[in-house]
Amino acid sequence: MSLLSISPPTPSLLTRLLRRTGGADWFGLLAFIFLASTIILPLVVVGIWAFAEVWRYPAVLPQRFGLGFWGEMLARRDVWAALTTSLELSFTVTALSMLICLPAAYAFGRMEFPFRNTLFLSFLTLRAFPKFGLLIVIATIFLNLGLVGTFAGVVLIQLVDTLMYMVWIPAAAFQSVDRRLEEAAQDAGATPLQVFWHVTLPQSLPTIAAAVILTFVGTFYETEGAWLIGAPTVTTMPILMISFINNQLVIQYGAVLSLMLWVPSFVALMFARRVLGGDAIARGLGG
Amino acid sequence: MHEAASPLSRTPAVSARSRVLPLLLVATPVLLALWLVIWPAAEAVILTFLVPGEGGTEVWSTANYARFFGDSYSVNNFTNTLWTTAVTTTILLVIGLPLAIYLRFAKGQLPATVQSLVMFPMFVPSIIVAYAFIRTLGPNGTVDIFLHAVGLPRMRTPYLTPWGPVIGLVWDGLPLTVLLLLSGLGNVTRPAVDAARDVGAGWLAILVYIILPRMRSSLLVTLSFNVLGIFSSFTLPYLLGPAAPEMMGPFMQRTFGDLQDVGMARTQAVITFAVCLLFGALYVWSIAKGRTKSAAGGKS
């Protein structure tokens, strides 16, 4: 799946588009205006709110811009606690996922063994159930195991979510490594480990890195599992945002948090998208 | 292992090892999926059909389901979720199909930009979508500001009404819908469309007789993906939807977390499994039927 590159629309681009189409592509122009106003505009509004110190209804633009709420946000202890929890969770889940999935991906991609295809396809069942219902039935099991409300419980539930993509994407990467290079290295006297380290790994690394980024960002934003299993002791960033939204504390808090968290993940996902197709990313993010 | 010089002497040892080693390598993720997906789902289905009988025993019964479907509040939530699914899917198809057809056949900079915009929601987490929605369509949001600026009264906000989740889910679901439809449109060739146009077919005729018949399976995939996605959803319905009727996601969460009625939450979960299974089966059935039909057509 090759997607066309995503670039932010600028006025110069718009005039270029108009000139190119000569006014003939009315549908495209309407689609562009419709999508820009429904998809980009709401996010621009969030961006403006994040830098608005005073914005009273019904002014079209804020009365005063500033970074005041960023300072306030960065001074809040609950924000730092949630950020720490989220990062700890994301690092733990991603590391564990790499540890158990990458060897499996190598086996699926490069080795022959009984039930290989069946086992490979069995990861599809992870996506065959409606996620929230599945979380509920896992939660009923975790309740008996005393895992509800624990860090370990959240790690487990988020780990399951990462399995399919951390197995499937790297397996494809290992499979597409150029065998002739490996054989050449072997002929030159390299040990299997050396071949793996110097030939196989570097070739599959970009795709694996993209899968790892997807896993990390996906885990960082995973909300439902953390909420259901972690509440009330484990508070992650998305859960903190839910409470900001529900309590309507200060409008700018949510905007600052959105922008602070989303921009780095957006850059990371753009990198992943260049390596992988957009389809994989859609699923990796939970659709 | 490179000291074992002769390939012949090495082969049996390697093949014995090479059968067990890969199984060991794949064991952990496979077992984890078994433990946390297959087993809980299977166990949940069985447990919902068991109720406490006399003397501490458990007996088979459909009492849990009778309780769910006998409770008007639960049924309202269930039908509300079905309504949301139907409306969201319809809107997604109405917006997504023209976009996909346009992206399939148009070339140049403008279609490329339109495609980028369509794919954009993929990179925005639900929680930020929900926040952006409230700031834009909520009370005193951007739309109200614009309406006020041109002297119009405020709109009736969809925030906290059943339309809130619909709008959020459409926003969230657009990229995947267009991707799935685009892959279906791969079966529609430009010559086929041009030929129909040459004999004087209007765009509606081309859509109904040329494009849609070739997209049957892709439309069904879109439908079953949407059913799965909407019955799975929690964050958007929880933040944007009304307190009553709820959608199944928030309803299950409240039953499990606030009411602590584990048995009922499990029953609700199995009901969402059943609905998604139904649409999954519909999709598989249609594929199978399509295959038999084309096989029979090939023979005659």
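Has the range A:153-170 got any residue that is more than 10 Å from every other protein chain (Cβ to nearest Cβ) and farther than 26 Å from B:Ser233 by Cα?
Yes, some residue in the range A:153-170 is more than 10 Å from every other protein chain (Cβ to nearest Cβ) and farther than 26 Å from B:Ser233 by Cα.
From the list B:Asn64, B:Asn76, B:Asn80, which one is more than 30 Å from A:Ala268 (Cβ to Cβ), in contact with a Ser or Thr (Cβ under 7 Å, 6 or more places away or on another chain) and outside any loop (DSSP other than H, G, I, E, B)?
Selected residue: B:Asn64, the only one of B:Asn64, B:Asn76, B:Asn80 that is more than 30 Å from A:Ala268 (Cβ to Cβ), in contact with a Ser or Thr (Cβ under 7 Å, 6 or more places away or on another chain) and outside any loop (DSSP other than H, G, I, E, B).
Determine whether the range B:216-228 contains at least one residue that is surrounded by fewer than 23 Cβ atoms within 10 Å (Cβ to Cβ) and over 14 Å from the mean Cα position of the chain (by Cα).
Looking through the range B:216-228, at least one residue is surrounded by fewer than 23 Cβ atoms within 10 Å (Cβ to Cβ) and over 14 Å from the mean Cα position of the chain (by Cα).
B:Pro245: over 27 Å from B:Leu50 (Cα atoms), more than 11 Å from chain A (Cβ to nearest Cβ) and either within 13 Å of the chain's Cα centre (by Cα) or not small (Gly, Ala, Ser) (or both), yes or no?
Judged against the criteria, B:Pro245 is a match.
What are the pairs, 6+ residues apart or on separate chains, where a residue within the range B:87-115 that is farther than 13 Å from A:Leu35 by Cα has its Cβ under 8 Å from a residue that is among the basic types (Lys, Arg)?
That search, which allows pairs on different chains as well, returns B:Phe105/B:Arg190; B:Gly108/A:Arg20; B:Gln109/A:Arg16; B:Gln109/A:Arg20.
State yes or no: is B:Thr189 buried (at least 19 other Cβ atoms within 10 Å of the Cβ), of a type outside the set (Phe, Trp, Tyr) and more than 10 Å from chain A (Cβ to nearest Cβ)?
no
Tally up the residues in the range A:171-213 that are more than 11 Å from chain B (Cβ to nearest Cβ) and either in contact with a helix residue (DSSP H, G or I) (Cβ under 9 Å, 6 or more places away or on another chain) or acidic (Asp, Glu) (or both), please.
Residues meeting the conditions: 29.
Can you pull out the residues in the range B:39-96 that are in contact with a strand residue (DSSP E or B) (Cβ under 7 Å, 6 or more places away or on another chain) and more than 16 Å from B:Phe273 (Cα to Cα)?
Correct list: B:Leu50, B:Val51, B:Pro52, B:Gly53, B:Glu58, B:Val59, B:Trp60, B:Ser61, B:Ala63.
Could you please let me know if A:Val195 is in contact with a Ser or Thr (Cβ under 7 Å, 6 or more places away or on another chain) and either among the aliphatic types (A, V, I, L, M) or modelled with pLDDT under 90 (or both)?
no
If we scan the range A:112-124, do we find a residue that is surrounded by 21 or more Cβ atoms within 10 Å (Cβ to Cβ) and within 14 Å of A:Asp161 (Cα to Cα)?
yes
Could you look through the range A:174-187, keep only residues that are of a type in the set (Gly, Ala, Ser) and modelled with pLDDT of 90 or more, and pick out the one that is surrounded by the fewest Cβ atoms within 10 Å (Cβ to Cβ)?
Once the filter is applied, the top-ranked residue is A:Ala184.
Taking A:Gly109, is it more than 27 Å from B:Ser232 (Cβ to Cβ), surrounded by 13 or more Cβ atoms within 10 Å (Cβ to Cβ) and within 14 Å of chain B (Cβ to nearest Cβ)?
Here the answer is yes, as A:Gly109 does meet what is asked.
Within the range B:212-221, work out how many residues are assigned to a helix (DSSP H, G or I) and either of a type in the set (D, E, K, R) or within 9 Å of B:Gly184 (Cα to Cα) (or both).
5
Give the residue that is surrounded by the fewest Cβ atoms within 10 Å (Cβ to Cβ), with candidates limited to residues of the range B:21-34 that are more than 10 Å from A:Leu163 (Cβ to Cβ) and touching a Leu at 6+ places or on another chain (Cβ under 9 Å).
Checking each candidate, the answer is B:Leu23.
Just to be sure I understand, how many residues within the range A:143-192 are within 25 Å of A:Leu228 (Cβ to Cβ) and assigned to a helix (DSSP H, G or I)?
Residues that pass the stated criteria total 20.
Count, please, the residues in the range B:233-277 that happen to be touching a residue at least 24 places away in the same chain (Cβ under 8 Å) and among the hydroxyl-bearing types (Ser, Thr, Tyr).
The number of residues fulfilling the criteria is 4.
Is it fair to say A:Pro103 is at the interface with another protein chain (Cβ under 7 Å from one of its Cβ atoms) and touching a Cys at 6+ places or on another chain (Cβ under 6 Å)?
no
Let's see how each residue does on (1) hydroxyl-bearing (Ser, Thr, Tyr); (2) in contact with a helix residue (DSSP H, G or I) (Cβ under 7 Å, 6 or more places away or on another chain):
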position: B:Val199; (1), (2): no, no
position: B:Ser217; (1), (2): yes, yes
position: B:Val221; (1), (2): no, yes
position: B:Cys276; (1), (2): no, yes
position: B:Ala281; (1), (2): no, no
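Among residues belonging to the range B:80-108 that are facing chain A (nearest Cβ under 7 Å) and modelled with pLDDT of 90 or more, point out the one that is surrounded by the fewest Cβ atoms within 10 Å (Cβ to Cβ).
The qualifying residue surrounded by the fewest Cβ atoms within 10 Å (Cβ to Cβ) is B:Tyr102.
Please find, within the range A:139-155, the residue that is nearest to A:Leu102 (Cα to Cα) out of those that are free of Cβ contacts under 8 Å to residues at least 24 places away in the same chain and buried (at least 16 other Cβ atoms within 10 Å of the Cβ).
That would be A:Ile141.
Which pairs turn up if I take residues in the range A:46-74 that are not assigned by TED's automatic domain parsing to the domain that holds A:Met260 and of a type in the set (Ser, Thr, Tyr) and look for partners that are surrounded by 13 or more Cβ atoms within 10 Å (Cβ to Cβ) and assigned to a loop (DSSP other than H, G, I, E, B) with beta carbon separation below 7 Å, at least 6 apart in sequence or on another chain?
Hits for this filter: A:Tyr57/B:Asn140.
In the range A:124-142, which residues are part of a loop (DSSP other than H, G, I, E, B) and in contact with a Leu (Cβ under 6 Å, 6 or more places away or on another chain)?
A:Pro130
Condition first: closer than 22 Å to A:Val160 by Cα and either surrounded by 21 or more Cβ atoms within 10 Å (Cβ to Cβ) or within 12 Å of chain B (Cβ to nearest Cβ) (or both). Can you find one or more residues in the range A:248-257 that meet it?
no
The values are calculated or read from the model by the stated rules, or taken from the named source; none is laboratory data. Nothing here was measured: the structure is a model prediction, and the numbers come from that model. Backbone-built Cβ (ideal geometry, glycine too); neighbour counts: all protein chains shown.
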